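This report concerns only the one structure given below.
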Amino acid sequence: MKKIYYKFIVALFAVFTFFGTSQAGFDITRMTTIVDDFQGSYTVTNSGRREDMEFTGTELAEFSNFHPMPDSGDVTISGTLSKVIERGEGGLTTSSDGNLVFSNPANSANLSFEGLQVIVQEGEEPQISGTVNVNDESFDVAELPEPIRRMLRAVFHLTRR
């Protein structure tokens, strides 16, 4: 009886070892639409592949008069933001392109950027680099005016993975 039990345990260990070390990859497609209390909305479509604890994919966010902050009901976002995303080995890298309009009843700001990069390594502060055009004036992302930086941060927070 002990001999059969021992063989069963060895076989079970071999099965868990074999299946525990290899993982099947899979494709992911997800679409989410959010509608605010003022009938503004945004839709985020994610697609990609997860394999061996890594993810590579894309994201497209489309904003239509969306109110990103509950305490500032007059501010809206319209436009698109696309990202290429790579996650693995304790880090996340995104490269983003966007054309966004932030507006309120008094004024608006047209933002555009290509290849805006965000790198996050486990245990470190996020690093962001690139150039953002605001109403046809170029700014290094680290030198954006605070209201624009806050709104851009809100957009990235809304669309984070």
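Restricting attention to region 30-58 and to residues that are under 19 Å from residue 151 (Cα atoms) and surrounded by 15 or more Cβ atoms within 10 Å (Cβ to Cβ), the residue that is nearest to the chain's Cα centre (by Cα) turns out to be 44. Of the listed requirements (1) at pLDDT below 95; (2) touching a strand residue (DSSP E or B) at 6+ places or on another chain (Cβ under 6 Å); (3) within 20 Å of residue 43 (Cα to Cα), residue 80 misses just one: (1). Would you check which residues across region 122-161 are free of Cβ contacts under 8 Å to residues at least 24 places away in the same chain and either touching a Lys or Arg at 6+ places or on another chain (Cβ under 8 Å) or among the basic types (Lys, Arg) (or both) and list them? 149, 150, 153, 160, listed by residue number.
Tell me, please, whether a residue that is more than 18 Å from the chain's Cα centre (by Cα) and under 22 Å from residue 33 (Cβ atoms) can be found in region 82-93. No, every residue in region 82-93 fails to be more than 18 Å from the chain's Cα centre (by Cα) and under 22 Å from residue 33 (Cβ atoms). Hey, among the residues in region 113-161 that are polar (S, T, N, Q) and surrounded by fewer than 16 Cβ atoms within 10 Å (Cβ to Cβ), which one's nearest to the chain's Cα centre (by Cα)? Looking at residues that are polar (S, T, N, Q) and surrounded by fewer than 16 Cβ atoms within 10 Å (Cβ to Cβ), I get 117. In region 67-108, the residue that is farthest from residue 49 (Cα to Cα) out of those that are surrounded by fewer than 17 Cβ atoms within 10 Å (Cβ to Cβ) and of a type in the set (A, V, I, L, M, F, W, C) is 106.
The values are calculated or read from the model by the stated rules, or taken from the named source; none is laboratory data. Fair warning: this is a prediction, and the values are worked out from it, not measured in the lab. Cβ: placed from backbone, ideal geometry, glycine included. Neighbour counts: every protein chain shown.
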